[in-house]
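Before any comments, here is the structure.
Read-outs: derived from the displayed coordinates by stated rules, not from any lab. Computed from a predicted structure; not experimentally measured. Because the Cβ atoms are built from the backbone with ideal geometry, glycine has one as well, and the counts that use them run over all protein chains shown.
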Amino acid sequence: MAGRRREIPGWSALAPNTRGIVWMCTAAACYAALYATLRQVTAKFSPLELIFFRSAFCTLFMLPWLARAGIGVLNTPRLPLHLCRMTATYVGGVLWVYGLARLPMADVNALNFTSPLFVVVIAMLFLGDRGGVHRWIVLGIGFLGTLVILRPGVTVVSFAALVTLASSGAFAVSHSITKVMASTEDPNLNVLYLYGLQSIVGLAPALFFWTTPNLHDLAWIVAVSLCTLGAQQCIVRSLTTSPASLVMPFNFLQLPAVALFGLVLYDEVTSIWTWIGAAVIFAATYNLARSEGRAARRARAEA
């Protein structure tokens, strides 16, 4: 029938949790490809211009959905939240690209795994979530993993590393706002507003550091945009299909993939301290996801 969405043969027969795991593994692959493709253009273009181009192409890719949904879907009472989310994501993106241009890809990837930890801190400080001793201990362990990666006092902590860590904090603000809007806003509308607003706001700063791309550069930038959209769409589908405590650990598969890309494409050897620190951050994040999943199930049972 016309207008009916086609599904991969046998896909609907899979258990929901299996589909969620597959979606998250695909998201991890998209993120790894994002690091590898973006690194191809970080030497030539400023972070401001790259974020603008990525936003512009992602917006273009979302226009077919807007055409199907109709212009009326843009009406939302939560435009101020969209603006705040866009600002946090834009700042985080610029800082992230800055770090990616100056650090090994695996180091940037590992430091960005702290973003869920920042989300928990924001939820406790500003969204009314209960803390508890267990949460604070696990958070402390998670951020200890960050110190293992940075090793202050043993090596000089670079400005790029601090900027990368700051990008994780900015992304955490964006994720927290997304969580607040999840009950009322369509995921596709969130993506369209995010990149559409970034395209508008990001054009003027990009013009101050403008380098006109050739067709080869544009091909890489389009690839970056496709990887970005692919990762976001896969994560949304994974989290709407399966519990976060089950699927989020599979998101950490991006680290070995990013490390492999870094080694093969850029001769980057990932430090053992990066692996150890990332493992500590992963363990803390997974523990938090499991405890929050149990709390959510108890709340539903008591309702």
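Observations, loosely collected:
- Entry note, the chain: the mean residue ellipticity at 222 nm calculated from DSSP H runs of n ≥ 4, each adding -39500 (n - 2.57), is -26000 deg cm²/dmol after division by the residues and rounding to the nearest 500.
- Once C-alpha pairs closer than 8 Å and six or more residues apart are averaged by separation and normalised to the residue number of the chain, the relative contact order reads 41 percent.
- Gap separating the Cα centres of segment 157-187 and segment 215-292, nearest whole Å: 15
- Summary of the geometry: segment 43-84 and segment 99-143, compared by the centres of their Cα atoms, lie 26 Å apart.
- Here the residues CYS234, CYS84, ranked from fewest to most Cβ neighbours within 10 Å of their Cβ, fall in the order CYS84, CYS234.
- Segment LEU265-LEU74, extension gain: residue separation times 0.36 nm, minus the distance between their alpha carbons: 64.6 nm
- Note on log10 I(q)/I(0) by the Debye sum over Cα atoms at q = 0.10, 0.14, 0.15 Å⁻¹: of the candidates [x] -0.56, -1.07, -1.22; [y] -0.57, -1.17, -1.35; [z] -0.69, -1.06, -1.16, the value calculated from this structure sits at [y].
- Annotation note: chymotrypsin sites (Phe, Trp or Tyr not before Pro) in segment 146-244 located in DSSP loop regions with a Cβ neighbour count of at most 16 within 10 Å are PHE208, PHE209, TRP210.
- Annotation: the residues MET86, MET24, sorted from fewest to most other C-beta atoms within 10 Å of their own C-beta, follow the order MET86, MET24.
- Helices of the chain meeting both criteria, an alpha-carbon length of 24 angstrom or more along the long axis and an average Kyte-Doolittle score not below -1.0, with helices taken as full DSSP H segments, are 16-39, 47-69, 79-100, 133-150, 159-181, 187-207, 215-241, 272-302.
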